[in-house]
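Read the structure below first, then the notes.
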Amino acid sequence: MTTKKQKIVAIDDTKFICDTLEAWLKSSYDITTFTKGEQGLKYLLENEDVALVLLDYDMPEMTGYEVLMSIRSNQKINKIPVIFLTAVENERMENEMLERGANDYIRKPLDIIVLRSHIEKLLGS
């Protein structure tokens, strides 16, 4: 009997980051990536079994902050854990994101070991 992989959604406007996350995580998780916040949010609203969101902070059109606020204000998806992935090194912003409902915060450049550790901590796997 195979166990169903937990579903992760990654939203990052840089296709290279999306491709890297997919390559790093596809062996352990069912990962779906989006390069636009609106697309990722639409997917979250249509798929109730998402276990975790990896979210870039700095994106055009709809920022990661706006995506987070949309997730946290929607009763259908507001319990999904969110990890911010960002190159911005600003402690005040990091604290604000955590206060606004982000579960974790990882700075880029990403490290696979650190990323997996944070994911496993949140998902209990």
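The values are calculated or read from the model by the stated rules, or taken from the named source; none is laboratory data. Only a predicted model underlies this, so the values are computations on that prediction, with no experimental measurement involved. Quick reminder, even Gly has a Cβ in these numbers, built from the backbone with ideal geometry, and neighbours come from all protein chains shown.
Here is how the numbers come out for the structure above:
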{"quantity": "Among the candidates 63, 14, residue that is within 14 Å of the chain's Cα centre (by Cα), more than 20 Å from residue 119 (Cβ to Cβ) and β-branched (Val, Ile, Thr)", "calculated": "63"}
{"quantity": "The lone exception for residue 85 - which of (1) over 22 Å from residue 4 (Cα atoms); (2) surrounded by fewer than 19 Cβ atoms within 10 Å (Cβ to Cβ) it fails", "calculated": "(2)"}
{"quantity": "Where residue 23 falls short, out of the listed (1) of a type in the set (A, V, I, L, M, F, W, C); (2) more than 14 Å from residue 116 (Cα to Cα); (3) surrounded by fewer than 17 Cβ atoms within 10 Å (Cβ to Cβ); (4) modelled with pLDDT of 95 or more", "calculated": "(2)"}
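Listed here are the residues, each with its yes/no results for (1) part of a loop (DSSP other than H, G, I, E, B); (2) buried (at least 20 other Cβ atoms within 10 Å of the Cβ); (3) β-branched (Val, Ile, Thr); (4) out of contact with any Phe, Trp or Tyr (no Cβ under 9 Å at 6 or more places or on another chain).
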residue	(1), (2), (3), (4)
5	yes, no, no, no
16	no, no, no, yes
19	no, no, no, yes
33	no, yes, yes, yes
41	no, yes, no, no
44	no, yes, no, yes
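Let's see how each residue does on (1) outside any loop (DSSP other than H, G, I, E, B); (2) closer than 15 Å to residue 41 by Cα; (3) in contact (Cβ under 8 Å) with a residue 60 or more places away in the chain:
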| residue | (1), (2), (3) |
| --- | --- |
| 70 | yes, yes, no |
| 96 | yes, no, no |
| 101 | no, no, no |
| 110 | no, no, yes |
| 115 | yes, no, yes |
